[in-house]
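**Student:** The structure's right below; bear with me while I get my questions together.
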Amino acid sequence: MIDPTSPKQASDLLRAHGIRAQKRLGQNFLCDRNTLDKIVRAANLAPDDPVVEIGPGLGGLTLALSQAAAHVTAVEIDLHLEPILKEVLGECTNVDIVYSDFLKIDLPALFEKAFSGKPGTIVANIPYYITSPLLECLLDNKRFIQRIVLLVQNEFAQRAVAAPGSDACGSMSLFVQYHATVELIGSVPPTVFLPSPEVSSAILALNPVLPGTVPVGNEERMFRMIRAAFGQRRKTLLNALMRAPASYDLGFTVNDREKAEALLQAAGIDGNRRGETLSLPEFAHLSNIFEAI
Ligand code: SAM
């Protein structure tokens, strides 16, 4: 059996099929059995669980998933990889490859089919150029998902788990931490990929939470407040709220100082704090008070 997680066999496979890894598609193939086992272990798969994989590439992770799970549906954008995937996965009867752009696919339909009506698992060594939109797509469809295990750029992983007030914490951190509990499983050096990327990577595990990790009446408004606070780092929260773009519809302008102060006072939050120091429960509370007064 071909083992695409062996660097020698992976480069032989690519050469035999006349294929070069495409940088624009984030094709850095994982050629390391230990890292691959770590990813599969982090997925906590039971033998009757179905999995969706994003970007099977040469099929190394797909093969390991097919041995740990009941069924794998893998979505690959690059049709040039079809002959390789056929050669590597030809004998796997529990793998379906869909050739499509994961960001453009009808995800509810894919998940309904792949997971047969109960929340399933997503596993992927993802192309880094689509990390943010990909995570947004997944979390928009979190009702279909019980666990997500991703190999991502280390910097992104650090931001996803960043504590409020730390330099790494941004509006994306709070977006992820609202939609899921997040765990950093471990870091992965560039040397385990073919070709090696310039950055290091990390394994991230997310358990989506419905409706979210904090109680909030209007998610949209809370995220607009978060964006307002982070959009103007180093400004006080009071100033950040008053200077938020009109499209955020927060109801304040620079002329509404009293109104903004009244909101912050009602919420018991000091308007002189820098916006980016607020925790997710504090943003949720502020948003809920906004609805109430
Ligand atoms: N899973 C393989 C591994 O671990 O070696 C390949 C990982 S490689 C980092 C990313 C894979 O995602 C490539 O096969 C690439 O062609 C594919 N890909 C890139 N953009 C995609 C998209 N929008 N939808 C689906 N697959 C995509």
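**Student:** Report whether or not SER132 is of a type in the set (Ser, Thr, Tyr) and open to solvent by 60 Å² or more (accessible area, probe 1.4 Å).
**Tutor:** Details: of a type in the set (Ser, Thr, Tyr): yes; open to solvent by 60 Å² or more (accessible area, probe 1.4 Å): no.
Spelling it out, it is not the case that SER132 is of a type in the set (Ser, Thr, Tyr) and open to solvent by 60 Å² or more (accessible area, probe 1.4 Å).
**Student:** Pick out, from the range 1-103, the helices (runs of 4 or more DSSP H) lying fully within it that include 2 or more residues that are β-branched (Val, Ile, Thr) and touching a residue at least 12 places away in the same chain (Cβ under 8 Å).
**Tutor:** 33-42, 82-89
**Student:** For the range 101-119, give me the residue count where each residue is within 11 Å of THR73 (Cα to Cα) and either open to solvent by less than 70 Å² (accessible area, probe 1.4 Å) or of a type in the set (Gly, Ala, Ser) (or both). Show your work before the answer.
**Tutor:** Going residue by residue through the range 101-119, those that are within 11 Å of THR73 (Cα to Cα) are 110-111, 113-115.
Keeping just the survivors that are either open to solvent by less than 70 Å² (accessible area, probe 1.4 Å) or of a type in the set (Gly, Ala, Ser) (or both) gives 110-111, 114-115.
Residues meeting the conditions: 4.
**Student:** Taking the criterion of being of a type in the set (S, T, N, Q), in contact with a Cys (Cβ under 7 Å, 6 or more places away or on another chain) and closer than 29 Å to LYS104 by Cβ, would at least one residue in the range 15-25 satisfy it? Steps first, answer last, please.
**Tutor:** Taking the range 15-25 and keeping what is of a type in the set (S, T, N, Q), we get 22.
Keeping just the survivors that are in contact with a Cys (Cβ under 7 Å, 6 or more places away or on another chain) gives none.
Scanning the range 15-25, I find no residue that is of a type in the set (S, T, N, Q), in contact with a Cys (Cβ under 7 Å, 6 or more places away or on another chain) and closer than 29 Å to LYS104 by Cβ, so the answer is no.
**Student:** Output the residues belonging to the range 136-167 that are assigned to a helix (DSSP H, G or I) and out of contact with any helix residue (DSSP H, G or I) (no Cβ under 7 Å at 6 or more places or on another chain).
**Tutor:** Just the residues of the range 136-167 that are assigned to a helix (DSSP H, G or I), to begin with: 136-140, 142-144, 154-160.
Residues satisfying the conditions are GLU136, LEU138, ASP140, ARG143, ASN154, GLU155, ALA157, GLN158.
**Student:** Further question: How many of the residues in the range 218-262 are over 29 Å from the mean Cα position of the chain (by Cα) and touching a residue at least 60 places away in the same chain (Cβ under 8 Å)?
**Tutor:** 0
**Student:** Still on this structure, please answer the following. What number goes with the only condition from (1) closer than 28 Å to ASP12 by Cβ; (2) surrounded by fewer than 22 Cβ atoms within 10 Å (Cβ to Cβ) that VAL51 does not pass?
**Tutor:** (2)
**Student:** Can you report the number of residues in the range 153-163 which are open to solvent by 20 Å² or more (accessible area, probe 1.4 Å) and within 24 Å of GLN22 (Cβ to Cβ)? Don't jump to the end; show me each part of the working.
**Tutor:** Within the range 153-163, the subset open to solvent by 20 Å² or more (accessible area, probe 1.4 Å) is 153-155, 158-159, 161, 163.
From what's left, within 24 Å of GLN22 (Cβ to Cβ): 153-155.
Residues in the range 153-163 being open to solvent by 20 Å² or more (accessible area, probe 1.4 Å) and within 24 Å of GLN22 (Cβ to Cβ): 3 in total.
**Student:** Let me ask you something else. What residue, among those in the range 139-152 that are touching a residue at least 60 places away in the same chain (Cβ under 8 Å) and farther than 18 Å from LYS23 by Cβ, is nearest to the ligand (Cβ to nearest atom)?
**Tutor:** Within the range 139-152, the subset touching a residue at least 60 places away in the same chain (Cβ under 8 Å) is 139, 142-143, 145-149, 151.
This time we only want the ones that are farther than 18 Å from LYS23 by Cβ, so: 139, 142-143, 145-149.
Working: LEU139: 17, LYS142: 19, ARG143: 21, ILE145: 17, GLN146: 21, ARG147: 17, ILE148: 15, VAL149: 12 Å.
Selected residue: VAL149.
**Student:** If you take the residues of the range 75-100 that are among the aliphatic types (A, V, I, L, M) and open to solvent by 70 Å² or more (accessible area, probe 1.4 Å), which of them is nearest to the ligand (Cβ to nearest atom)?
**Tutor:** First, the residues of the range 75-100 that are among the aliphatic types (A, V, I, L, M): 75, 77, 79, 81, 84-85, 88-89, 95, 97-98.
Now narrow it down to the ones that are open to solvent by 70 Å² or more (accessible area, probe 1.4 Å): 77, 79.
On the way: ILE77: 4, LEU79: 10 Å.
The qualifying residue nearest to the ligand (Cβ to nearest atom) is ILE77.
**Student:** I need a count of the residues in the range 177-207 that are touching a Leu at 6+ places or on another chain (Cβ under 7 Å) and crowded, with 20+ Cβ neighbours inside 10 Å.
**Tutor:** 11
The values are calculated or read from the model by the stated rules, or taken from the named source; none is laboratory data. Source: prediction; values computed, not measured. As a convention, Cβ positions derive from the backbone with ideal geometry for all residues, glycine included, and neighbour counts pool all protein chains shown. Keep in mind that these areas ignore ligands, DNA and RNA; they rest on the heavy atoms of the full protein, side chains included. Shrake-Rupley method; radii C 1.70, N 1.55, O 1.52, S 1.80 Å.
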